[in-house]
Every structure is written in structure tokens, then in C-alpha cells.
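The values are calculated or read from the model by the stated rules, or taken from the named source; none is laboratory data. Just so it is clear, the structure is predicted and the values come from calculations on it, not from any experiment. Glycine also receives a Cβ, built like all others from the backbone with ideal geometry; neighbour counts cover every protein chain displayed. Just so you know, the surface numbers come from the protein's heavy atoms only, side chains and all, with ligands and any DNA or RNA stripped out. Shrake-Rupley method; radii C 1.70, N 1.55, O 1.52, S 1.80 Å.
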Amino acid sequence: MTAAGDGRALRAAAFAVLALGVIGPIAAGLAQTARAAFGLMPAIGAAQAGLGPWRTLFGLPGFATSVQLTLLTGLGATVLSLAIAFALTASLHARLAGTAAARALTPFLAIPHAALAIGLAFVLAPSGWIVRFVAPLLGLDRPPDLALVGDPWGIALILGLVIKEVPFLVLVTLSALTQFPVRQHLAAGQSLGYGRAAVWLKVLAPQLWPLIRLPLMVVLAYALSTVEMGLILGPSNPPVLAVLLTRLFFDANTALLLPASAGALLQAGLAVGAFALVWSAERALRRVGLWWLRRGGRGTAAEPPLRVLAAGGLVLFAIGALALVALFAWSLAWRWPWPAVLPESWSLKAWTGAGPGLGRAFLRTLVLALVTTSLALALAIAWLEGEDRGRRGRAGWAEALIFLPLLVPQIAFLYGLNVLFLRLGLSGGLGAVIWAQALFVFPYVMIALSDPWRALDPRLPRAAASLGAGPWRRLVAVKLPVLLAPILTAAAIGMAVSVAQYLPTLFMGAGRIATLTTEAVTLSSASDRRVTGVYATLQAGVPLASYAAAFLIPALVHRNRRALRGADA
Amino acid sequence: MSLVLENLQLTLAGRALFAPLTLTVEPGCVATVMGPSGVGKSTLLDAIAGHLAPAFSMTGRIALDGRDLALIPPEARRIGLVFQDAVLFPHLSVGDNLAFGLASSVKGRDARRGAVERALAQAGLAGLYGRDPASLSGGQRSRAALMRTLLAAPAALLLDEPFSKLDTGLRDEIRAFTFANVRERAVPALMVTHDPADAEAAAGQTIGLTSIGETP
């Protein structure tokens, strides 16, 4: 078989897996949700099509507040994340090499949303670390009676989302910046009398935007529909829409499944509406921006706000780091009365006393992460190699297809899919959970691996071909070993994404597959911070260890290969 | 065993890069192709080696030892490539790079190791089997890359500006080493270069490629 034919076969296989494994199920899940939203769910005896579910949904107490809160936190967190990420990149770009930045941001990328949220709750709560620090100064003798976590405005939730998303956006922006000559543009702009901040806003931002639009949409979709962060940091009554819906889906009263499905469809509608909003904001800003540009102001006033935002970003990183330490500290604390800054006594009892449940959840989390990551990695490599052999780039629709699972709110199709799986007798098994997680692991692995794969020196496989090596030998003996570092980095990202999955594990596992994440989220509402700390620490530990391995293994294997060191991210 | 190009022409978006090229390179000879940058010298080598990008199309015929290469995949063409900068595999040691090239007809661990060691010695690289290719000097790297190519027992060689990155003193030495090996193994070689001194040292035919459609 010729390499081109081989490539076609590989591409067709990867595409078939994606179509049957991703698009089909998402569409089927959405359809199932839509049917239930309009009253059709034979499994619970609902056979009367109509608008009843919507009426029930709109009539739920606090429903309007839930929707408002969802929009406020989702849009607010996204806009703030983008602004801070841009300000940080603009302020630190000159001093920050790509790889150094990646290394510094790794812990924030690695830790699951739930673990960060739990750590933040430990830090921000009235009985948490920050209040403990300031208590002596303010003369407090008991935790203040303030809702600092779960506040009715969703400020804590926005804070949590921003801390988690800014590092992702900074990395995406830095990698986009490598595609054009930033230094020259800065020099050219500054020589015309524009301030640094003005050049960033007027010259670089418009060029950056198309490259970071899709990742920003992913952030937006997540921020609008997060369940675990909403549960831990958001207000509880009424909560954000996704949390409300999860409650309805798991309510003992199965009749509530119908309004829950209507809400899930509404959640998808909110995402579509938000995307439309971004699109129209882009068009409006283009006009306003051109008007602003043509006025020729040198923009000296732009500098201070940019600095404030960047400084705010650094403060948020510090809080995030504190949150991570707080998880670990609580898991080892024994007596820690308020307002002591450090525990009075330390103990391993929370770890040793956690019982066999901890070990089981840990093992299951690890197995799920390893299996889903291997599957995703194999598929990504097949896809990329197929592109190479067909000697063609990626079509726009293929790129959109890869991002699809990250753009559709999980809750909008996962429950519908679960119903479908139930009917097929597939629900509640490890297999269903593996598949559901892989749905979200694959896009990230693919995104992480695509750029380094394409950056591989094309003369290497050519040299191998001229020495008689066929396509498979070129792949196995040349490309994969040379790409070891980026492949392991992609794998670490895959592990982190898998470990972080809450809703897919909960829904597709029918609540019966307990992982570190589902346990940690459940425990977060319980009272014992030590046990929660243990689960959350371990939950954060798995991805952190994966990243460490992704860094150490290539360094060890290639310790004697200068050309391959420093090439790793 | 000769390399034959017959009325070879490459077109990009309907525009021919150069006038049809006809050329026969005899075994042990080095033919030189010269021409301004952008005329398509490297694309010509891509076409012969089988790596022509899909945007280009080719008319005419490429034959090696009487066999038409058009439908043969790159790895089966038995055409060795020598690049400007050696392009040694960065993840393999110097010796393993050569072992990668060594034809699989050489069987047995000891025989293969011996063949590689002999080739290393021949290239003045004795004792460097385990070295990181990144730690070699420019000249050592060039010799290692040539040896890797020759160990695959190619039926023809393509040299893509093979000496242009070397210092003047080193250039003469590597050039002599390369051409001596071409002669000794009696393979036809086609070299692309900017340097008239390369063409002179090759002492074979020299073809000047000019772009068509533009008058200089």
C-alpha cells in the first residue's frame, strides 16, 4: 500500500472513531435531552409531548436568579480571565520565555477544578486562612459571620474560575505570540511614539484574537456550565443553573427529569447565546477599535489599567498557590482551632484512617486516567500521522470537530446519553465512564500534540525514507522517539483532564463509579476538612505527578542528547 | 546503474518552474545543478527522492537503472539524500544513526556492529559509536551523515548543497571525501549547489537551471 493510501486509511479510521464515538453520541444525547425537554421520556412513562417541562422549570423557586447568576459568573469570569491573561502576557512577555512560563503555570493547569475550588474554600472561608491571618490585626475573636464562600453574587465562584482559566489563556496567548514578530511590532510602534500598552492593545491584540478565539470559547462554555466549581464555591440557594439541574437530575422524584432536561437544553442555548455575544462584540470592537486607532492617540492612559490587571493576576496566582498548600496542610492537621495560623498538632490519621474507600477511589481514578489517556493518545497519533501521510493540513471542519465536545455544555447531552445507554444496558459501567471521559481528554491531547508534531523537522523522516525506512519504521523509530517530550506532556494533560472529570463520571457511572473527584466533591459539603483535604490532595497529586513524570522521563532518556533537551515544554 | 531524467518539468499552480530537463548521470559521476534561489533546485531533488509536495505536479520521467520511479514510494527508491546540515537523528547515538542506515541484508549482531565500526573508522570517527550527534563538530557530522547514507547501499545519491555550511578549509576535505566515496562505490550522484567551486571539484556535467517566463 502506498503511503498516501495508507494515510487515507489512517485518516478514515481516526475519522470513523471520532464520528461514531464523538459526534454521533453527542447528537444522540442532545436529541434525547430535547425529547425529554418537551415531555417525551418513555422510561418514566412520560409520553405526552408539550411545554409542561418548561412551565415546571420556569416555575421553580429562584429559577430566574439561577439563570442571572449563571450569566453573570460565566461571562464575568471569562471577560476577567481574558483581560488578566492579556495584561499578564503584555507585562511579562519580555521577561518570560515560553518554557519557563509553562513550567511556572503547570501546577495551575494540572490541578482539577474541584481540588482548586476546595482549596480556595479553605482559604477564603470566614474560618479560612486569609481571615486567620488578619484576625489578630482586626481584633476578631470568632470567625466573622459573612458568606465569603458561596456568596449570593457568585464572587467566590468567579474568583475560582479566573484563577483556573488565566494560566490556560496565558499559555495559549504565549504560544500564539510565537507566530508573529512581537519585538519588531513593539519597536515599530514605540518608535512612532505609542506607549507599550497602546501597542499591545492597538497592534498586537487584533492579531492575537483570531488565534485565541476558540480556546476562549472553551473557557466560556466551561464557565457557564461548571457543576463542581458551582457546587463548592457558588451560592447554594439558588445555585447556578448547572448545579440546579444536577440536583433535579438526581432527585428522587423522577418526574423532575423532564424540567431538568428542559434546563439542560436551556444551558446549551445559553452557551450558543454567549458565543453569539462574543461574535457581535468582536464586530463592534473592530469598528470602535478602528475609530480609536485612526484618532492616533498615543495611549499613555492605557498603561496603568494594564498594570493593575497584571498585578491583580499575580495576587490571584498567590491565592491559588495558597489554596494548594491549604489542601495539604488540612490533610495533615489534627488540632487546628481558630484563629491559629498553623495547626497546633499534626497527624497522619486523616490519611491512614480514610479506610479502603480512599485506596479504591485512588486506584479507579488512576486506571480511568491511564486508559482514557492511552486511547486519546493513540487516536491523536493516528490522526496526525494520517495527516502526514496524506501530506495535507487539517481542514477547518476537522478542527471544529475536535473542539466540539469542549464547546457543548456537558450537562446538555450527558444525561440524554445516559438514558440512551441505560436502554442499551451500557450505563453504570466502567466502559461508559471511560468513553465519556475520553470524549473530553482527546481534544486536549490533540491540541497539545498538534503544534509540536507539525514542528518536527520534516527532513528527519525524509532522511529515514532515503535510508529505506518505510512509513511505520519512520513513525516508530524516528518520529515518536524524537517527539517523546511533547507526547508525554500531552499525556500528562490527558491525565489531568481525566482526573478532573466530575459530571461525565457521575452521569455515565450512574453515581456508582466513585473516583477521587466525585468523592472530593461530595465530601466538600461535609464538615471534616481533614478528610476532604486528603481526597483533594490526592486528586491534585495524580496530575501533578504526571506532569513531573512528563518532565523527568525525557530528561532522563535524553540526558545524553543535547539536541532534544530544552525542546520539551 | 545510471540516473536518467527525461523532459522533467515541475509546475506549481500551472506555472512551470524551469525548462524541461534532460540529463543522464553515469555511475561514479557527479552532475551539478546550479541556478538562482527559488528556481526550484530543491524541489527537483524532492521530486527525484519522492517527497514532492502535493501542490506541485510533475511531467516527464525519472528512471534509475532503467526502472521508472514515478510510482515507487520514497523508501523503496534506493536514493540516498545528503543534506546541507547533516540531519542526524537527534535521539540516536552516532553509531546507531549509522546502524539505522545499514542495509538489512547485513545479518547478525556482530556483522552489523562490525560494518558500522568499519564505516566509522573510514570516516575518521573511530571510537565515537556512543557519542551524542549534537556533540560532533560540523565536519564529523557531515562525514557521519554521508556514511549513514552509503551504508544503506543506495543506487543513487542526491546532494543538497552538502558543503555550504562548512568552513572553507573543511569544505575541501569533506568534498574530496564525498566525491571519492561516490567514485569508489560507482553510484550516480546529483548535486545542487550555489558554489562554482563545488561544480569544478565534481568534474562532471554542470546544468544551469533558469526560470522560464522571466527574462534576466
### Task
Of all residues in the stretch B:72-87, count the ones that are more than 8 Å from chain A (Cβ to nearest Cβ), in a loop (DSSP other than H, G, I, E, B) and of a type in the set (A, V, I, L, M).
2
### Message
One residue is enough: does the stretch B:60-70 have a residue meeting the conditions at negative phi, surrounded by fewer than 20 Cβ atoms within 10 Å (Cβ to Cβ), within 14 Å of chain A (Cβ to nearest Cβ) and part of a loop (DSSP other than H, G, I, E, B)?
### Response
yes
### Query
Hey, among A:LEU148, A:LEU137, A:LEU231, A:LEU201, which residue is over 21 Å from A:ALA310 (Cα atoms), in contact (Cβ under 8 Å) with a residue 60 or more places away in the chain and open to solvent by 60 Å² or more (accessible area, probe 1.4 Å)?
A:LEU231
### Task
Return yes when B:ALA126 is among the hydrophobic types (A, V, I, L, M, F, W, C) and open to solvent by less than 20 Å² (accessible area, probe 1.4 Å) and no when it is not.
no
### Query
Does the stretch A:42-63 include one or more residues that are within 13 Å of A:VAL240 (Cα to Cα), assigned to a helix (DSSP H, G or I) and within 21 Å of the chain's Cα centre (by Cα)?
no
### Task
Name the one entry in A:PRO215, A:PRO235, A:PRO210 that is closer than 30 Å to A:PHE440 by Cβ, touching a Gly at 6+ places or on another chain (Cβ under 7 Å) and not aliphatic (A, V, I, L, M).
A:PRO235
#### Entry: A:GLY21 assigned to a helix (DSSP H, G or I), under 30 Å from A:ILE493 (Cβ atoms) and within 22 Å of the chain's Cα centre (by Cα)
yes
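Can we say B:GLU75 is at pLDDT 95 or above, over 16 Å from B:PHE177 (Cβ atoms) and open to solvent by 30 Å² or more (accessible area, probe 1.4 Å)?
When the stated conditions are applied, B:GLU75 does not pass them.
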### Message
Tell me whether the stretch A:355-363 contains one or more residues that are touching a residue at least 60 places away in the same chain (Cβ under 8 Å) and small (Gly, Ala, Ser).
### Response
yes
### Task
Could you figure out which of (1) within 14 Å of chain A (Cβ to nearest Cβ); (2) surrounded by 21 or more Cβ atoms within 10 Å (Cβ to Cβ); (3) under 20 Å from the mean Cα position of the chain (by Cα); (4) assigned to a loop (DSSP other than H, G, I, E, B) isn't true of B:ASN97?
(4)
### Query
When only residues in the stretch B:29-59 that are touching a residue at least 40 places away in the same chain (Cβ under 8 Å) and of a type in the set (Val, Ile, Thr) count, which is nearest to the other protein chains (Cβ to nearest Cβ)?
B:ILE48
### Query
What about A:ALA378, is it part of a helix (DSSP H, G or I), open to solvent by less than 30 Å² (accessible area, probe 1.4 Å) and more than 30 Å from A:LEU266 (Cβ to Cβ)?
no
